[in-house]
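Have a look at the structure below before the remarks.
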Amino acid sequence: MATIPLTRRGAELLREELHRLKSVERPAVINAIAEARAQGDLSENAEYEAARERQGFVEGRIGEIETKLANAQVIDPAQLDADGRVVFGATVDLEDLGSGQQATWQIVGDDEADIKAGMVSVSSPIARALIGRSAGDTVEVRAPGGVREYEILDVRYQ
């Protein structure tokens, strides 16, 4: 499997979720299954079926997170030195040349993306257009809403 880029913050969030799944969710599901079994006939026991389904989800998510962490390439944006170029982990200030609106985005891994928090996935159209560019460059972004032009105002590594 290919390496998965993550910021330090993203890797820590995955570790916290993994810990919660293993220490809270997994034991709760095991208890729910045990209680449902104690009720007798399992063939028509909705609680048992629901608990087994939840167990499958929890175990699947645990496996998924463990795989991602095992294949993760953790990048600390503060340690980057990309000579002002936009790279994974960089924070970029942009101006939409059509509307004049300014925005700030950090380029993060797919699991970390959160538009409301100003974090876009490295695989998003805007991130793909920005990678390798520098402050002062104009980029054209082909997004589902149409083509937009942005000017890169600043690139930071924080």
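Taken together, the values in this text are just the output of simple stated rules run on the coordinates, not laboratory data. This one's a predicted model, so the numbers in the text were calculated from it and none came from an experiment. Note that each Cβ is placed from the backbone with ideal geometry, even for glycine, and that neighbours are counted across all protein chains shown.
What is the stretch 75-158's relative contact order, in percent, from Cα pairs under 8 angstrom and six or more apart in sequence?
Numbers: 171 pairs, mean separation 29.9, N = 84.
Here the relative contact order equals 36 percent.
Select from Ala2, Ala32, Gln79 the residue farthest towards the positive end of the dipole of the stretch 1-131; place +1 on Cβ of Lys and Arg, -1 on Cβ of Asp and Glu, and compute about the Cα centre.
Ranked along the dipole, the leading option is Gln79.
Hey, got the dipole for the stretch 77-156? About the Cα centre, +1 on K and R Cβ, -1 on D and E Cβ, debye to the nearest 20? List each step's numbers first, then the result.
On the way: 7 positive and 14 negative charges, 31 e Å.
That gives a dipole near 140 debye.
Rounded to the nearest 0.05, what FRET efficiency do Ser99 and Arg9 have when you use their Cβ-Cβ distance and R0 = 30 Å? Before the final figure, lay out each step's value.
Numbers: r = 30 Å, r/R0 = 1.00.
With R0 = 30 Å, the Cβ-Cβ based efficiency is 0.50.
Tell me, what ³J(HN,Hα) does each residue in the stretch 124-140 have, in order and in whole Hz, if you take phi through Karplus 6.51 cos²θ - 1.76 cosθ + 1.60 with θ = phi - 60° and put x for Gly and Pro?
Per residue, the Karplus-derived 3J(HN,Hα) values read 6, x, 5, 5, 4, 6, 7, 3, x, 8, 10, 4, x, 6, 10, 10, 10 Hz.
Dipole size in debye (nearest 20) for the stretch 4-75 around its Cα centre, Lys and Arg Cβ +1, Asp and Glu Cβ -1?
I would put it at about 520 debye.
Using all C-alpha to C-alpha distances in the stretch 77-156, build P(r) with 10 Å bins and read off the rounded percent in each one.
Pairs per bin, as whole percents: 20, 57, 22, 1.
Which entry is the computed Cα extents along the principal axes in Å for this structure: [x] 70, 34, 25; [y] 48, 37, 32; [z] 43, 35, 29?
Here the calculated entry is [x].
Working out 0.36 nm times the residue gap between Asp114 and Asn71, then minus their Cα-Cα distance, what length gain in nm do you get to one decimal?
Between Asp114 and Asn71, full extension yields an extra 13.3 nm.
Determine the dipole magnitude for the chain: charges of +1 sit on the beta-carbon of Lys and Arg, -1 on that of Asp and Glu, nothing else is charged, the reference point is the Cα centre, and the result goes in debye to the nearest 20.
Charge dipole, the chain, about its Cα centre: 240 debye, nearest 20.
Please state the relative contact order of the chain as a whole percent: Cα pairs under 8 Å, 6+ residues apart?
Values: 242 pairs, mean separation 37.4, N = 158.
Dividing the mean separation by the residue count of the chain yields 24 percent.
How far is the Cα center of the stretch 1-25 from the Cα center of the stretch 80-94, in Å?
24 Å
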